[in-house]
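Structure first, commentary second.
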Amino acid sequence: MPRFRSALAGLALTLSPLALHAADDGVTSFTLDNGMQVVVVEDHRAPVLQHMVWYKAGSADEPVGSSGVAHFLEHLLFKATDTLADGELSATVAANGGTDNAFTSYDYTAYFQRVAADRLELMMRMEADRMRNINFTTENVATERDVILEERNQRTDSNPRALYSEQMNAAQYLNHRYGVPIIGWRHEMEALDKADALGFYNTYYYPNNAILVVSGDVTPEEVRALAETYYGVIPANPDLPERVRSKEPPQTTERRLIYRDARVAQEYVSRSYLAAERDPGDQTEAAALTLLAEVLGGGQTSYLTEKLQFEQQKAVFTGAFYRGTSLDDTTFDVVILPVPGVSLEEAEAAMDATLAQFLEDGVDAEQLERIKYQLRASQVYQRDNVDGIARRYGAALSVGLTVEDVQAWPDILQAVTEEDIMNAARTVLTREASVTGWLTRPVSEEVTQ
């Protein structure tokens with residue numbers, strides 16, 4: 001259960017349309033002349049860094065009928081370029097003692113390398129090379145298509161929970177591309193070809209649609225100089241399309257589904273509600289929803305756990321989940337796994353009654369203070385991880401948030417009141433804008449005489 005100071009500094013200010021600005025937490029942001037945003041997060045405690053390139057193009061940006069092409073292209077970018085052989089990039093990273101990988105989401109695709117700090121130039125040279133010089137063949141397109149189909153076999157088709165989640169998303173989003181799985185629908189994946197991959201690549205893989213995030217033992221001056229050398233010479237795409245997605249029609253009635261699979265080991269009930277995402281300059285509602293998820297189902301002292309697991313003993317697990325970092329409306333989810341002997345119908349009724357009781361009881365002030373303290377601590381500890389801090393900025397900037405929004409987020413969370421959380425709860429916990437699902441086993445067939 002579902003991302004460079006010295007003599008170069010003066011030059012930098014004249015080259016970039018946006019002046020360098022350094023935040024209190026060691027973050028510097030600037031933009032190259034070709035439109036590529038660069039974010040540097042300094043941490044000089046260890047001689048390591050993470051180099052990440054985030055493209056503002058994910059599965060929700062795919063053409064209709066080509067689901068899975070964003071993830072497919074992610075795989076193909078590890079093939080040959082005009083100067084690198086198949087697999088040479090990853091082999092070079094490994095030979096230099098580092099690790100690399102990539103990932104695709106609904107709203108972005110990101111590529112990263114974690115290496116010693118003195119290997120930054122090598123990473124930039126290779127990553128900039130595959131930004132525009134990819135050279136995959138018909139043969140490795142066919143091979144990699146088989147790879148992603150097998151990935152779907154292993155991660156989705158063999159997992160009833162994953163298949164159930166696909167159906168829940170499809171039921172929640174009737175018109176928006178968030179209702180299409182990131183990995184793609186199998187029948188469309190099978191038809192992906194070189195033209196599909198190149199079409200997506202030649203539309204979105206340009207510097208004016210990318211964000212470079214470098215975190216670790218680096219300086220803004222160093223990163224700027226190298227970024228100008230390797231990324232700054234790549235022309236922007238003057239025809240980059242506006243990022244417009246199909247909108248969801250107003251949801252005026254609740255939706256329900258039952259997914260039956262003989263492989264189900266633990267039956268459960270889940271519900272998703274449409275919910276607002278974090279918006280640039282306006283993150284208050286998202287902050288209240290973030291804390292609502294923690295209050296309702298964030299741990300052993302959460303409201304659902306206390307009521308359904310300990311007091312009523314109806315559940316072996318309960319949870320509430322909210323992912324606010326998205327470009328468009330997201331979901332707020334709740335789940336209950338009933339104890340043996342409690343039916344899914346009873347579990348759903350208990351969940352509904354408990355949510356209704358929460359709207360009457362409100363938020364426990366002491367619990368809220370504990371949650372805020374834990375969130376603040378986790379955000380501080382995240383600064384110790386070059387990967388975590390880079391992903392925090394990369395993901396946020398890829399969905400339209402700003403560096404200032406990312407830096408304001410911890411204080412916005414701390415400012416959320418009990419009333420804010422209850423207002424958010426009354427807004428989001430609306431059955432008319434929800435999808436309720438049961439993951440269960442097939443009905444036993446009775447033998448009649």
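The values are calculated or read from the model by the stated rules, or taken from the named source; none is laboratory data. The structure displayed is predicted, hence computed values, not measured ones. Ideal geometry is used to build each Cβ from the backbone, glycine not excepted, and the neighbour counts take in all protein chains shown. All accessible areas refer to the heavy atoms of the entire protein, side chains included, with ligands and DNA or RNA removed. Shrake-Rupley method; radii C 1.70, N 1.55, O 1.52, S 1.80 Å.
Taking all protein chains into account, the per residue accessible area for region 87-238 stands at 38 Å² (1.4 Å probe).
Available extension along the chain between ALA195 and VAL339 is 46.8 nm, counting 0.36 nm per residue and deducting the alpha carbon span.
In this rough spin-label picture, where each label sits 7 Å from Cα along the Cβ direction, the THR99-GLU432 distance is 4.8 nm.
Taken over the C-alpha atoms, region 223-273 has Rg and Dmax values of 23.9, 58 angstrom.
When the chain is described by a simple charge dipole with +1 on each Lys and Arg Cβ and -1 on each Asp and Glu Cβ, the residue from SER165, PRO207, ALA424 located farthest towards its positive end is PRO207. What percentage of all Cα-Cα pairs in region 348-387 are separated by more than 13 Å? Summing the P(r) tail past 13 Å for region 348-387 gives 67 percent.
Divided by 2.2 N^0.38 Å, where N counts the residues, the Cα radius of gyration of region 232-329 comes to 1.56. Note on region 138-227: semi-axes of the ellipsoid equivalent to its C-alpha gyration tensor, largest first and rounded to whole Å, are 33, 19, 15.
Mind giving me the FRET efficiency for ALA349 and VAL316? R0 is 30 Å, r the Cβ-Cβ distance, nearest 0.05 is fine. So, using R0 = 30 Å, E works out to roughly 0.95. In region 164-206, inverting the average of 1/r over every pair of distinct C-alpha atoms gives 11.9 Å as the Kirkwood radius. For the chain, the Cα-based Rg and Dmax, in that order, read 23.6, 92 Å. For region 62-103, the ratio of Cα radius of gyration to the globular rule of thumb 2.2 N^0.38 Å stands at 1.42. Taking one quarter of the surface of the C-alpha convex hull of region 308-386 gives a mean projected area of 7.9 nm². Mind listing P(r) for region 382-449? All alpha-carbon pairs, 10 Å bins, whole percents. Once binned at 10 Å, the Cα pair distances of region 382-449 give 14, 23, 25, 20, 8, 7, 4, 0.
Each residue of region 134-141 was assigned a 3J(HN,Hα) from its phi angle through the Karplus curve 6.51 cos²θ - 1.76 cosθ + 1.60 (θ = phi - 60°); the sequence is 5, 9, 7, 9, 4, 5, 6, 5 Hz, with glycine and proline shown as x.
Applying the Karplus relation 6.51 cos²θ - 1.76 cosθ + 1.60 with θ = phi - 60° to region 54-69 yields 3J(HN,Hα) values of 10, 9, 7, 7, x, 5, 6, 9, 6, x, 4, x, 10, 4, x, 5 Hz, where x marks Gly and Pro. With N as its number of residues, region 166-319 has a Cα radius of gyration that, divided by 2.2 N^0.38 Å, comes to 1.51. Each listed q (0.19, 0.24, 0.28 Å⁻¹) maps to a log10 I(q)/I(0) for region 90-152 from the Debye sum over equal C-alpha point scatterers, namely -0.94, -1.16, -1.18. Considering only ALA356, PHE310, VAL342, the residue lying farthest towards the positive end of the dipole of region 304-374 is PHE310, judged by Cα position with unit charges set on Cβ. In terms of the mean number of neighbouring beta-carbon atoms within 10 Å, the peptides 225-238, 28-41 order highest first as 28-41, 225-238. Projected onto their three principal axes, the Cα atoms of region 312-438 cover extents of 48, 30, 28 Å, largest first. A simple packing score, the average count of other Cβ atoms within 10 Å per residue, orders the peptides 74-87, 132-145 as 74-87, 132-145, with the highest score first. The ellipsoid that matches the Cα gyration tensor of region 84-200 has semi-axes, each √(5λ) in whole angstrom, of 31, 17, 14, with the longest given first. Listed by chain and number, the lysines whose C-alpha is less than 22 Å from the C-alpha of LYS56, apart from same-chain residues fewer than 8 away, are LYS79, LYS194, LYS247. Mind checking the log10 I(q)/I(0) for region 363-410 at q = 0.14, 0.30 Å⁻¹? Debye, one equal scatterer per Cα, no solvent, two decimals. Per q value, in the given order, log10 I(q)/I(0) is -0.43, -1.05. Taking 7 Å steps out from each Cα toward its Cβ at VAL64 and THR83 produces label points 4.2 nm apart. Rounded to the nearest 20, the size of the Cβ-charge dipole of the chain about its Cα centre is 440 debye, with Lys and Arg at +1 and Asp and Glu at -1. The orientation-averaged projected area of the convex hull spanned by the Cα atoms of region 61-131 comes to 5.1 nm².
Protection proxy ranking for 392-400, 153-161, using the average of other Cβ atoms within 10 Å per residue and placing the highest first: 392-400, 153-161. The tail of the calculated P(r) for region 31-149, taken as Cα-Cα distances beyond 25 Å, holds 27 percent of the pairs. Derived scalar couplings between HN and Hα for region 356-366 equal 5, 5, 4, 5, 7, 6, x, 8, 6, 4, 5 Hz in order, rounded to whole Hz, by the Karplus curve 6.51 cos²θ - 1.76 cosθ + 1.60 (θ = phi - 60°), x for Gly and Pro.
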